[in-house]
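Chemist: Shown below is the structure under consideration.
The values are calculated or read from the model by the stated rules, or taken from the named source; none is laboratory data. All values reported here derive from a predicted model rather than from experimental measurement. So basically every Cβ, Gly included, is an ideal-geometry build from the backbone, and we count neighbours across all protein chains shown. The area values use the complete protein model at the heavy-atom level, side chains included, leaving out ligands, DNA and RNA. Shrake-Rupley method; radii C 1.70, N 1.55, O 1.52, S 1.80 Å.
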Amino acid sequence: MKNIVMAWRSILRHGRRTIVTVSALVLGLAGLVVFQGFLGQMMQGFRDGMILSGIGHLQVAANAKYFVDGEFNPFPYSLADSKALSDSLAREPGVMAVFPSTGFVAVAGIGDKSATLLVKAYPPDRMYFSSGSGVVTPPSDKFNLGALVAGAGLKTEDRDKLVVGEIAARVLGAKVGDVLTLMAILPGGNLEGRDFTVSGIFSSPGKDKSFAYTDYATASSFIRMPQPPVLIVLARNIASVPRIAQSLPAGLAHRTWRDLATLFVQVSSIIGSFLTVIRLIILLVTLFILANSMNRSVLERMREWGTLRAIGTKKRDILSLILWEGGLQGLLGALAGTALGFIISWIIDASGGLSYHSGAQSYAVMVRPGLDSVWLSVIPAVLTAGLAALVPGIRAIRLTPSRCLREA
Amino acid sequence: MELIRIENGQKHYQLEKAEIPALEGINLVISPGERVCLMGPSGSGKSTLLNIIGCVDTLSEGRIVIAGNDASSLKDAQLSEFRNRTMGFVFQTFNLIPVLSVFENVEYPLLLQRVPKTERGARVMELLERVGLKDFHRRGPERLSGGQRQREAIARALVTRPRLVIADEPTAALDHATGKAIMELMVEMNYSAGSTLVFATHDPAVARYAGRLLTMTDGRIVEDREVA
C-alpha cells in the first residue's frame, strides 16, 4: 500500500512531467472515445437501417430453403396457419410487430416499353417512404424503403397500386398515376396479369433499377397464395431477438437479422479491426513516451533508489514502486482521456450531433460512446504504462545501492 | 566480542579496461559501542569502506563479518533485511525521501519491519521529540532547514534501534555551528542507544567526537588510534 501512496505522490510531485507524459494518452484516448462513439452510433444506425430496409429482426418460414431461393419464388414455401403463428408471436414479450411478406418477379409493361420488376409486398402500414427535405427520423416500426421522388406511398386501403424504383420508372417511362400491366408466371406455367396504378416513385440505392412495392393483400391475391411464405418480426430491441427466436414452435425455420444482414456483419468486423489498430497505435505511442519519461525519472532519482535500498527496501519493492508510478500515470491518462472524450461527445450531442446528407435529406448521427469505452481505454492503458515502466524499473534495481548513491 | 571484522579487504573498481584500487589490505575489528571515525583526504577510501561496512557494496576480495553474519554469503533480499534490522544510515546530503513527510520518513524503516502501527507511531514520535522535530512531523523535508533535515535523518537512522550507525560526512553540508550540534546529538543518541557509530569526515573538529580514529590514505588504513 505504501508503494502506491509513494508512487501517487511522486507523480504529483513531478506535475509538469506527468502532464506532458500523460497528455499524449489523454488526447489519443479522448479522440478514440469520440471516434468510437461516432462509429458506434453510425454502425447502430447502419444496423437499424438494414433491419428496417426489409430484413426485420427475425424472419420465420416453413422451410429453411425459403431463405436460399424463396424471396421472389415463394410458391413452394407457403406457411400454413400463419395467422395463428402471427398472433402467437405477437404476444411474445419484446415483439413490436409481426406481419406477412411475399415477393414475386413480374414483367411490367406500359405502351411499348417493358421491364422486369422484383416486387416486394408488405402490409401498407409497415411501409414507409420518406419525403421532403431536411433532417429525417424514420419510424422504428415500419420498413424504411426509400425516399419518394414523386407521388405518395401506399395507404392502408390501397389495392393494386405500386411504388416503383426511380430507374425502373424511367426505363418504363412511367409517371405517377400511370397504369402498369404486370405479368407473372405462377406454378404450373400459368401466366397471370393485372393492372397496377403507379402511386409513387422512390429512390433507394441498389433498388432503383428493378424494385417495386405493393401491398400484401394485392400481392397475395395476384400470385394466388393465400398463406405467406414468411412472417417478419420487428422487435422492441435487438437484445430480445434470441429469446423471441427460441419461442418459435418446433419445425419452423428462422433467420435473425444477423444472419441476413451479412454486409453489416462484415463492415462491423472491419470497423472493429480498424479501431483495434488505432487503439494499438495510441498505446504504442504512449509506451514510447512513457518509457522515455520513466527512464529519465529513474535516472534523476538515483539518490532515492540508493537511499531506499540502503535502509532496507528490497529490489522487488522498488520495482513495484516504479511500476505503480507508470501504471498510475496510465490510469490517470486513461481516465482523463476517457472523461474528455465523453465531454466532447456530450457537447457534440447537445449541439445536434454530426449530420450526413443523402440527396435533399440529412440524417443526424449522435456521438454516444458506450461504457465499454471506459474499460477498453483504461485496462490497456494501465497495462501499457506498467510495461513502459518495466525496463526503467529493472534498470534501477540492477544497480547496487552504492552505485546509486555515488551517481546521485 | 566484536561487531565488525574485515579480513584482508580489497575493493577494485573497473574503469573501462583499467582496474582502480579503492581499498587495499583492510584488516579491521570494531567492537560494539565504539565510536569510530574514518579520516583522510578525498579519494582515500573512506566512503568505500563505509559502503562495505554498511553492506551497500561488496568487497572484491577478502571477507567482512558483521554481527556474526558473513556479508558475502547473504543474498540481496537477505542483505536488505539485514541492513534494515542491523544498521542506520546518515548521509552527507540527508537523503530524505521527498514524497514522504518528516513522520513518514522516520517511520519508513519500521514499515519494512512490519512493526504494528501504534508502536510505530509511538517510536517515531519519541525520536522526533528527542531530535526536536515533533512539531514538524507533518511537514515535507523540503520545508526544513539543513540542520533539521539532518536531525530527521538521524531519527530515521536510529528508529529501528540498530546495532550499527553509519554516517558519511554527516556535517559536510552544514555550517559549523549546526554541524557541531548535529554531532553532539548523534553522539548523545548513539550513547544512549548503545549502538556502534562509524562515521567519515575530513574535518578534524568533527573527528574529535570519535573514540577511535582511523586515518586512511590511498585505500589503506595508515593509522588506527584511540582518542581521548
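Chemist: Please return the ranges of helices (runs of 4 or more DSSP H) entirely within segment A:253-313 where 3 or more residues are over 38 Å from the mean Cα position of the chain (by Cα) and within 14 Å of chain B (Cβ to nearest Cβ). Talk me through it step by step, then tell me what you get.
Modeler: Numbers: elements: A:257-260, A:262-300, A:302-310.
In segment A:253-313, A:302-310 are the helices (runs of 4 or more DSSP H) which contain 3 or more residues that are over 38 Å from the mean Cα position of the chain (by Cα) and within 14 Å of chain B (Cβ to nearest Cβ).
Chemist: Also, I was wondering about something else. Among the candidates B:N51, B:N69, B:N84, B:N95, which residue alone is open to solvent by 20 Å² or more (accessible area, probe 1.4 Å) and either at the interface with chain A (Cβ under 9 Å from one of its Cβ atoms) or touching a Ser or Thr at 6+ places or on another chain (Cβ under 6 Å) (or both)? Give the derivation first.
Modeler: Details: B:N69 fails: either at the interface with chain A (Cβ under 9 Å from one of its Cβ atoms) or touching a Ser or Thr at 6+ places or on another chain (Cβ under 6 Å) (or both); B:N84 fails: open to solvent by 20 Å² or more (accessible area, probe 1.4 Å); B:N95 fails: open to solvent by 20 Å² or more (accessible area, probe 1.4 Å).
Going through B:N51, B:N69, B:N84, B:N95 in turn, the sole match is B:N51.
Chemist: Quick check on segment B:113-122. Is at least one of its residues assigned to a strand (DSSP E or B), open to solvent by 10 Å² or more (accessible area, probe 1.4 Å) and within 13 Å of chain A (Cβ to nearest Cβ)?
Modeler: Going through segment B:113-122, the residues assigned to a strand (DSSP E or B) turn out to be none.
Checked segment B:113-122: no residue is assigned to a strand (DSSP E or B), open to solvent by 10 Å² or more (accessible area, probe 1.4 Å) and within 13 Å of chain A (Cβ to nearest Cβ).
Chemist: So B:D168 fits all but one of (1) acidic (D, E); (2) surrounded by fewer than 16 Cβ atoms within 10 Å (Cβ to Cβ); (3) in contact (Cβ under 8 Å) with a residue 12 or more places away in the chain; what number is the exception?
Modeler: With (1) acidic (D, E); (2) surrounded by fewer than 16 Cβ atoms within 10 Å (Cβ to Cβ); (3) in contact (Cβ under 8 Å) with a residue 12 or more places away in the chain applied to B:D168, the lone miss is (2).
Chemist: Let me ask something additional. Does B:A173 meet the test of being among the hydrophobic types (A, V, I, L, M, F, W, C) and either in contact (Cβ under 8 Å) with a residue 40 or more places away in the chain or open to solvent by less than 60 Å² (accessible area, probe 1.4 Å) (or both)? Please lay out each step first, then the result.
Modeler: Values: among the hydrophobic types (A, V, I, L, M, F, W, C): yes; either in contact (Cβ under 8 Å) with a residue 40 or more places away in the chain or open to solvent by less than 60 Å² (accessible area, probe 1.4 Å) (or both): yes.
Against the criterion (among the hydrophobic types (A, V, I, L, M, F, W, C) and either in contact (Cβ under 8 Å) with a residue 40 or more places away in the chain or open to solvent by less than 60 Å² (accessible area, probe 1.4 Å) (or both)), B:A173 qualifies.
Chemist: Which residue, of A:R255, A:R301, A:R316, A:R279, is charged (D, E, K, R), out of contact with any Pro (no Cβ under 6 Å at 6 or more places or on another chain) and at pLDDT below 90? Before you say what the answer is, go through the steps one by one.
Modeler: Numbers: A:R255 fails: at pLDDT below 90; A:R301 fails: at pLDDT below 90; A:R316 fails: at pLDDT below 90.
Of the residues listed, the single one that is charged (D, E, K, R), out of contact with any Pro (no Cβ under 6 Å at 6 or more places or on another chain) and at pLDDT below 90 is A:R279.
Chemist: Here is a follow-up. Go through segment A:140-211 and tell me which strands (runs of 3 or more DSSP E), entirely inside it, have 3 or more residues that are out of contact with any strand residue (DSSP E or B) (no Cβ under 9 Å at 6 or more places or on another chain) and outside the structural domain of A:F129 (by TED's automatic domain parsing).
Modeler: Working: elements: A:143-151, A:161-165, A:179-185, A:191-203.
Filter on segment A:140-211 gives an empty set.
Chemist: Name the residue, out of B:L133, B:L144, B:L128, that is touching a His at 6+ places or on another chain (Cβ under 8 Å) and either among the small types (G, A, S) or more than 22 Å from B:T86 (Cβ to Cβ) (or both). Spell out how you get there, then give the answer.
Modeler: Values: B:L133 fails: touching a His at 6+ places or on another chain (Cβ under 8 Å); B:L144 fails: touching a His at 6+ places or on another chain (Cβ under 8 Å).
That would be B:L128, the only listed residue that is touching a His at 6+ places or on another chain (Cβ under 8 Å) and either among the small types (G, A, S) or more than 22 Å from B:T86 (Cβ to Cβ) (or both).
Chemist: Does at least one position in segment A:397-404 carry a residue that is more than 14 Å from chain B (Cβ to nearest Cβ) and under 23 Å from B:C55 (Cα atoms)? Reasoning before the result, please.
Modeler: Going through segment A:397-404, the residues more than 14 Å from chain B (Cβ to nearest Cβ) turn out to be none.
For segment A:397-404, residues more than 14 Å from chain B (Cβ to nearest Cβ) and under 23 Å from B:C55 (Cα atoms): absent.
Chemist: For segment B:26-48, give me the residue count where each residue is surrounded by 15 or more Cβ atoms within 10 Å (Cβ to Cβ) and not acidic (D, E). It would help to see each step written out before you state the result.
Modeler: Of all residues in segment B:26-48, those surrounded by 15 or more Cβ atoms within 10 Å (Cβ to Cβ) come to B:26, B:28, B:30, B:33-40, B:44-48.
When the remaining residues are screened for being not acidic (D, E), the result is B:26, B:28, B:30, B:33, B:35-40, B:44-48.
Here the count works out to 15.
Chemist: Could you go through segment B:169-177 and let me know if any residue there is in contact with a helix residue (DSSP H, G or I) (Cβ under 9 Å, 6 or more places away or on another chain), at positive phi and not basic (K, R).
Modeler: yes
Chemist: Take the conditions of a type outside the set (A, V, I, L, M, F, W, C), surrounded by fewer than 17 Cβ atoms within 10 Å (Cβ to Cβ) and within 12 Å of chain A (Cβ to nearest Cβ) and apply them to B:T58. Does it pass? Step through it out loud before you land on a result.
Modeler: Details: of a type outside the set (A, V, I, L, M, F, W, C): yes; surrounded by fewer than 17 Cβ atoms within 10 Å (Cβ to Cβ): yes; within 12 Å of chain A (Cβ to nearest Cβ): yes.
Yes: the conditions hold for B:T58.
Chemist: Output the qualifying pairs, or none if there are none: Cβ atoms under 6 angstrom, residues six or more apart or on different chains, first residue in segment A:324-349 and over 26 Å from A:V365 (Cβ atoms), second residue open to solvent by 60 Å² or more (accessible area, probe 1.4 Å).
Modeler: A:L328/A:W8
Chemist: Exactly one condition in (1) open to solvent by 60 Å² or more (accessible area, probe 1.4 Å); (2) more than 22 Å from A:K314 (Cβ to Cβ); (3) within 13 Å of chain A (Cβ to nearest Cβ); (4) polar (S, T, N, Q) is not met by B:S101; state its number.
Modeler: Here B:S101 clears every test but (1).
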